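Only one structure is covered here, and it is reproduced in the block below.
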Amino acid sequence: MEKVKVGEVAEALTGFPFDSKLFNESDGFPLIRIRNLKEGKTDTLYNGKFDKFFVVKKGDLLIGMDGEFNLVEWKWEDALLNQRIMKLVAKEKLASKKYLKYALPNILKRIEDATPFVTVKHLSHKKVLDSSISLPNLQTQQKIASILEQADEARQKRKQANQLTEQFLQSAFIEMFGDPVRNEKKWEVIAIKESGNVLTGTTPPSKNAGMFGGKIPFITPGDLESEEPNKRFVTKEGLENSRTVREGAVFVCCIGATIGKVGRAKKLSAFNQQINSIEWNKNYNDLFGEMLMRFMKPIIVAKGGNSTTLPILNKGNFEKLTIIKPPLSLQQKFASLVERVENLRAKQRASETALENLFQSLMQKYFE
């Protein structure tokens with residue numbers, strides 16, 4: 001297969017340094033900033049004059065030039081191309097835009113990995129245009145792009161289905177219990193410390209050998225609200241230098257940028273000092289309690305934000321937060337629904353993994 005430089009089959013347009021003093025959220029023309037690339041939309045408006053040359057259309061290929069060098073296909077409404085974002089335009093007689101969409105991410109990742117930095121990595125458009133890609137004839141490009149697009153759409157739809165199941169559970173919770181913060185249904189309210197045993201985690205001393213690398217999960221904030229299995233484990237010796245909770249206990253991150261994130265112990269687990277846990281008493285169902293604490297996130301974030309530096313909600317203040325206490329029978333009814341949905345999600349995750357593996361194998365087949 002022929003190798004060509006990207007610059008032979010595409011042109012690059014870099015964004016314009018629009019005056020940030022004219023940025024707002026109420027009046028003007030939409031403007032794309034780097035942070036909007038992953039989101040796929042923008043709430044920033046530019047209230048000033050601009051050249052139509054810098055207007056991005058639906059379907060345009062955009063590349064972030066600071067931090068992570070991500071390539072996205074813009075799928076929202078027309079918007080302005082701000083500085084440090086590059087638009088890549090395929091030369092239609094030579095290259096398919098869809099083919100470039102799938103051919104370039106691996107190249108951009110290699111450039112990103114090889115780019116030195118002090119604070120943030122920066123990408124030059126020249127580096128992209130000077131990179132080499134495999135380029136079959138236009139008809140083959142379109143065929144490859146069509147195959148990859150179908151595989152990509154299938155995996156994106158599966159991800160959306162997973163998100164919908166979570167939204168369904170939240171809606172079911174509201175239907176059964178109302179908003180637990182506003183408590184429109186006037187349930188009894190108690191302090192968290194009355195709902196079970198509250199613990200703050202600890203980390204075994206890493207200077208001591210033999211603490212990590214066992215089979216007992218060690219939960220950190222990065223493990224909360226994640227479909228991925230936890231990455232750290234402690235040994236029996238590490239367990240003796242940790243705080244542990246039983247299967248079903250809820251984890252709540254109470255310090256740092258991820259304050260308010262929630263998870264549930266799938267088995268006996270240790271956890272670090274950024275997390276408070278609740279082992280629910282007989283008045284609470286574990287599955288109900290987990291969803292309840294997810295709804296408490298805005299309160300936890302607000303209370304923790306009172307700290308002058310790092311957001312933090314210590315155990316004493318965490319225990320003082322009040323939560324609803326509906327009848328256990330109703331909680332158990334909700335828990336039965338959660339169990340059915342979780343069984344469905346397990347099948348969805350298996351399907352998502354299979355689709356992801358298919359997509360990656362196709363990418364490897366065509367571009368590596």
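Taken together, the values in this text are just the output of simple stated rules run on the coordinates, not laboratory data. Only a predicted model underlies this, so the values are computations on that prediction, with no experimental measurement involved. For neighbour counting, all protein chains shown are included, and Cβ atoms are generated from backbone atoms with ideal geometry for every residue, glycine included.
Table for the structure above
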{"read-out": "In segment 112-194, chymotrypsin sites (Phe, Trp or Tyr not before Pro) in a DSSP loop with at most 16 other beta-carbon atoms within 10 Å", "value": "Phe117, Trp187"}
{"read-out": "Unit charges on C-beta of K, R, D, E only; dipole of segment 176-268, Debye", "value": "200 debye"}
{"read-out": "Largest-first ellipsoid semi-axes for segment 260-368, taking √(5λ) over the Cα gyration tensor eigenvalues, angstrom", "value": "34, 23, 12"}
{"read-out": "Cβ-based charge dipole, the chain, positive-most Cα from Phe177, Pro30, Ile278", "value": "Ile278"}
{"read-out": "Helix-only [θ]222 nm of the chain, DSSP H runs n ≥ 4, -39500 (n - 2.57) each, per residue, nearest 500", "value": "-12500 deg cm²/dmol"}
{"read-out": "For segment 288-344, diffusion coefficient by Stokes-Einstein and Kirkwood Rh (Cα), 25 °C, 0.890 mPa s, µm²/s", "value": "185 µm²/s"}
{"read-out": "Distance cut-off 35 Å, percentage of C-alpha pairs in the chain lying past it", "value": "44 percent"}
{"read-out": "Beta bridges per DSSP with both ends in segment 188-325, % antiparallel, nearest 5", "value": "90 percent"}
{"read-out": "With Cα atoms, 0 to 90° folded angle of helix 328-367 axis to the chain main axis", "value": "30 degrees"}
{"read-out": "Loop-resident sites, segment 248-279, for trypsin sites (Lys or Arg not before Pro), counting at most 14 other Cβ within 10 Å (DSSP)", "value": "Lys266, Lys267"}
{"read-out": "Distance between segment 322-351 and segment 120-143 - C-alpha centres, whole angstrom", "value": "47 Å"}
{"read-out": "Neighbour cut-off at most 10 other Cβ (10 Å), DSSP loop, trypsin sites (Lys or Arg not before Pro), segment 201-247", "value": "Lys207"}
{"read-out": "Value in Å of the Kirkwood radius, where segment 240-286 supplies the Cα pairs that are averaged", "value": "11.1 Å"}
{"read-out": "Ile147-Phe117 FRET efficiency (beta carbon distance; Förster radius 30 Å; 0.05 resolution)", "value": "0.25"}
{"read-out": "Charged-residue dipole, Cβ positions (Lys, Arg, Asp, Glu), segment 3-135 about Cα centre, Debye nearest 20", "value": "460 debye"}
{"read-out": "Alpha-carbon centroids, segment 265-280 and segment 150-211: separation in whole Å", "value": "13 Å"}
{"read-out": "Convex hull volume of segment 3-135 per residue (C-alpha atoms, cubic angstrom)", "value": "106 Å³"}
{"read-out": "Candidate lysines - alpha carbon under 17 Å from Lys207, same-chain residues fewer than 8 apart omitted", "value": "Lys236"}
{"read-out": "Volume in Å³ per residue [convex hull over Cα atoms, computed for segment 188-325]", "value": "105 Å³"}
{"read-out": "Proximal lysines relative to Lys282, as straight alpha-carbon distance under 18 Å, when same-chain residues fewer than 8 apart are discounted", "value": "Lys193, Lys325, Lys333"}
{"read-out": "Signed unit charges on C-beta, dipole axis of the chain, positive-most listed residue Gly48, Leu358, Pro327", "value": "Leu358"}
